[in-house]
Amino acid sequence: MKQEQTNLIESARQQAEGYFRRGEYYCSEAVLTTINQLLGEELPAEIVKLASGFPVGIGKSKCLCGAISGGVMALGLKYGRTEPGAKMPANSFPRSAELHDYIKEEYGSTCCRVITAKFEDFASPKRAEHCIGITGEVAAWVMSKFIEDGVLD
């Protein structure tokens, strides 16, 4: 992998983590916004609105990890379809499933409740840092797959 590509992956990680850490965006919003920006704003910045209901496991229900939701939306920036009835792009389902499986392997689950269970206080700084790290990991993973698949302009 070229140094420029490695830097782009690390930029995705740091930018997404920064958004979350500073309280500017939650997990899903941070991932989608970061990837959209690093792609040169494939879609208008208002796209973040689509990700706003996913944090804390979909509307604070602590179900599917918001970072994963944001990652799947970010994958759609390159692997999504735009026309009704159009053929699904080849990498859409496989890459989304790979992201799911990657996080499940790394953290033992894709469920926010399970991933954060070791933290007695959900509002604790330690839990926040844990989720910030996952958010950065997802953004980096998405960018690495875009590089691997050669879909960056």
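Data table
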{"read-out": "Lone qualifier among L43, L50 - being surrounded by fewer than 17 Cβ atoms within 10 Å (Cβ to Cβ), modelled with pLDDT under 95 and aliphatic (A, V, I, L, M)", "value": "L43"}
{"read-out": "Long-range neighbours under 6 Å by Cβ, at least six apart or interchain, first residue small (G, A, S) within the range 93-112, second part of a helix (DSSP H, G or I)", "value": "S96/V72; S96/L75; S109/I115"}
{"read-out": "Candidate set from the range 24-37 (those that are free of Cβ contacts under 8 Å to residues at least 24 places away in the same chain and part of a helix (DSSP H, G or I)); member that is farthest from E148 (Cα to Cα)", "value": "T33"}
{"read-out": "Leading residue by the ranking (nearest to the chain's Cα centre (by Cα)) among those in the range 1-23 that are basic (K, R) and either surrounded by 19 or more Cβ atoms within 10 Å (Cβ to Cβ) or under 16 Å from K145 (Cα atoms) (or both)", "value": "R13"}
{"read-out": "Filtered residue count, the range 50-89, keeping only those that are over 14 Å from V31 (Cβ atoms) and among the aromatic types (F, W, Y)", "value": "1"}
{"read-out": "Tally, over the range 125-152, of residues that are more than 13 Å from E17 (Cβ to Cβ) and of a type in the set (G, A, S)", "value": "2"}
{"read-out": "Tally, over the range 43-67, of residues that are within 26 Å of Q5 (Cα to Cα), touching a residue at least 40 places away in the same chain (Cβ under 8 Å) and aliphatic (A, V, I, L, M)", "value": "1"}
{"read-out": "Selected residue (only one of A97, A74, A67, A86 is modelled with pLDDT of 95 or more, loosely packed, with under 12 Cβ neighbours inside 10 Å and closer than 19 Å to L32 by Cβ)", "value": "A97"}
{"read-out": "Where G40 falls short, out of the listed (1) under 20 Å from L152 (Cβ atoms); (2) in a loop (DSSP other than H, G, I, E, B); (3) free of Cβ contacts under 8 Å to residues at least 24 places away in the same chain; (4) not charged (D, E, K, R)", "value": "(3)"}
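The values are calculated or read from the model by the stated rules, or taken from the named source; none is laboratory data. None of these values were measured; they are calculated from a predicted model. For neighbour counting, all protein chains shown are included, and Cβ atoms are generated from backbone atoms with ideal geometry for every residue, glycine included.
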